[in-house]
1. Against the definition (of a type in the set (A, V, I, L, M, F, W, C) and part of a helix (DSSP H, G or I)), how does residue 210 come out, yes or no?
2. From the residues in the range 235-251 that are in contact with a strand residue (DSSP E or B) (Cβ under 6 Å, 6 or more places away or on another chain) and assigned to a loop (DSSP other than H, G, I, E, B), which one is nearest to residue 336 (Cα to Cα)?
3. Which of the strands (runs of 3 or more DSSP E) contained wholly in the range 3-98 include at least 3 residues that are under 24 Å from residue 323 (Cα atoms)?
4. Which of the residues that make up the range 383-410 are closer than 22 Å to residue 84 by Cβ and either of a type in the set (Ser, Thr, Tyr) or free of Cβ contacts under 8 Å to residues at least 12 places away in the same chain (or both)?
5. Give me the pairs, please: first residue somewhere in the range 306-322 and more than 16 Å from residue 353 (Cα to Cα), second residue anywhere and part of a loop (DSSP other than H, G, I, E, B) and among the basic types (Lys, Arg), beta-carbon distance under 7 Å, and either six or more positions apart or on two chains.
6. For the range 155-176: of the residues being surrounded by fewer than 20 Cβ atoms within 10 Å (Cβ to Cβ) and of a type in the set (D, E, K, R), which is nearest to residue 279 (Cα to Cα)?
7. Is it true that residue 191 is part of a loop (DSSP other than H, G, I, E, B), within 20 Å of the chain's Cα centre (by Cα) and either aromatic (Phe, Trp, Tyr) or not assigned by TED's automatic domain parsing to the domain that holds residue 134 (or both)?
8. Determine which member of the set 137, 186, 148 is at negative phi, among the charged types (D, E, K, R), in a loop (DSSP other than H, G, I, E, B) and surrounded by fewer than 24 Cβ atoms within 10 Å (Cβ to Cβ).
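The values are calculated or read from the model by the stated rules, or taken from the named source; none is laboratory data. Keep in mind it's a predicted model, so treat the numbers as computed, not measured. Ideal geometry is used to build each Cβ from the backbone, glycine not excepted, and the neighbour counts take in all protein chains shown.
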Amino acid sequence: MSLNILSKIQRSSPGEPEFYQAVEEVVQSLEPLFAKEKKYLEYNILERIVEPERAITFRVTWIDDQGRLQVNKGYRIQFSSTLGPYKGGLRFHPSVTSGTIKFLGFEQIFKNALTGLAIGGAKGGSDFDPKGKSNNEIMRFCQSFMTELYRHIGDTIDVPAGDIGVGGREIGYLYGQYKRLTGSYEGVLTGKKIAWGGSLARTEATGYGAVYFAENLLASRNDTLEDKVATVSGSGNVAIYTIKKLYELGAKPVTCSDSRGTIYHEAGIHLHTLQQLKEQGKNESLEKYAEIHPDAKYTPASQYPEGRHPVWSIPCQLAFPCATQNELNLEDAKALLNNGCILVAEGANMPSTPEAVHAFLEAKILYGPGKAANAGGVATSQLEMAQNASMIQWSFEEVDARLKGIMQNIYLTASQTAEEFGQPHNLVLGANIAGFRKVADAMIDQGAV
């Protein structure tokens, strides 16, 4: 069955390897479910769910500071509205292609279903690179992007959020243009700033959620985060707030990275320095971190071993890949296991290659796949939607408490489902089956849509 589905999407969607990878992982996990419950085959759920309900591609033209007209490509892939309005981030990065957006949107279906909240799955973005652009250039791009996107979104239709390259600044420009075009002040985007409809704890949510998920994983073996050494990749919001929450719960994070290099600080990452270099629209090189802290070691990307990421060669008990897809390969996984790593919790989307995931599952370490472990961001986005709908704002403590409860429920749902199918250590299987079953049952209830 998996071969038939993969062959079909490879014919209909050529040249999208990340999308094929995401589909293959889900389909393989679902085979025990199909053997147990034939209705999903009878209703042809799988062939329906791998095709997005709507795929929008558009040209984005904007004027740079030199007065030259620039052209980028924009995407919004609306995969599933079965459980609620489409929900998923916008990514602005030169690596963005239709395949990137499709893989992210497909993952979003099951991630969003696992939260237990009323949200469907979508993703969008552009190959625009905000790095090196002025605020005015970013504003003009965002306004042009929204001029194309606005007719396809709305607070009960599709509610985009931020992702790589799209933070509070970009959300502000996008939101302002949406208001200008529609005359509506509504919760059509999440990740807004606090003064105009944002949610407290939204910035922290994905990183905090990954650590809460790790806390639940460790508790299943009567263990805690206390006094454990952690390696973290990335240096954006997810990595920064993973590092912050690790410190709060007693662990010691010792690494961070960006596209230019990696920091290893045996004494523990200095959070304030990292935030000074990377937050509020800054993107300083981590080389400056090593200048401020001479006891830290900086490795430029040009010196990485071929096909490897140095973060995963540093001895640790806990690993948090928080950068991007397929950043952790089989050799990295072997290095982690050989160095005594007992837990991997994914803060990024699909950061481990299939071979790396197989190695973690074979070793039976605690492994939290991205669609479960990094669901805190989208969960808190839905909490922002709820606050917007009722025109109120919850306290940081209330949102954080809800986030912690959601992450615990995601862990329990995935682990109980994995146990139901005889593989209690395999949360990949548990998360995929639990998310798919919720969406599929609703699709059956709603008929041939």
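1. Spelling it out, residue 210 is indeed of a type in the set (A, V, I, L, M, F, W, C) and part of a helix (DSSP H, G or I).
2. Here the residue is 251.
3. Values: elements: 54-63, 69-80, 86-92.
Filter on the range 3-98 gives 69-80, 86-92.
4. Selection gives 386, 390, 391, 392, 398, 405.
5. 317/228; 318/228
6. 169
7. On the way: part of a loop (DSSP other than H, G, I, E, B): yes; within 20 Å of the chain's Cα centre (by Cα): yes; either aromatic (Phe, Trp, Tyr) or not assigned by TED's automatic domain parsing to the domain that holds residue 134 (or both): yes.
Judged against the criteria, residue 191 is a match.
8. Unique residue meeting the criteria: 186.
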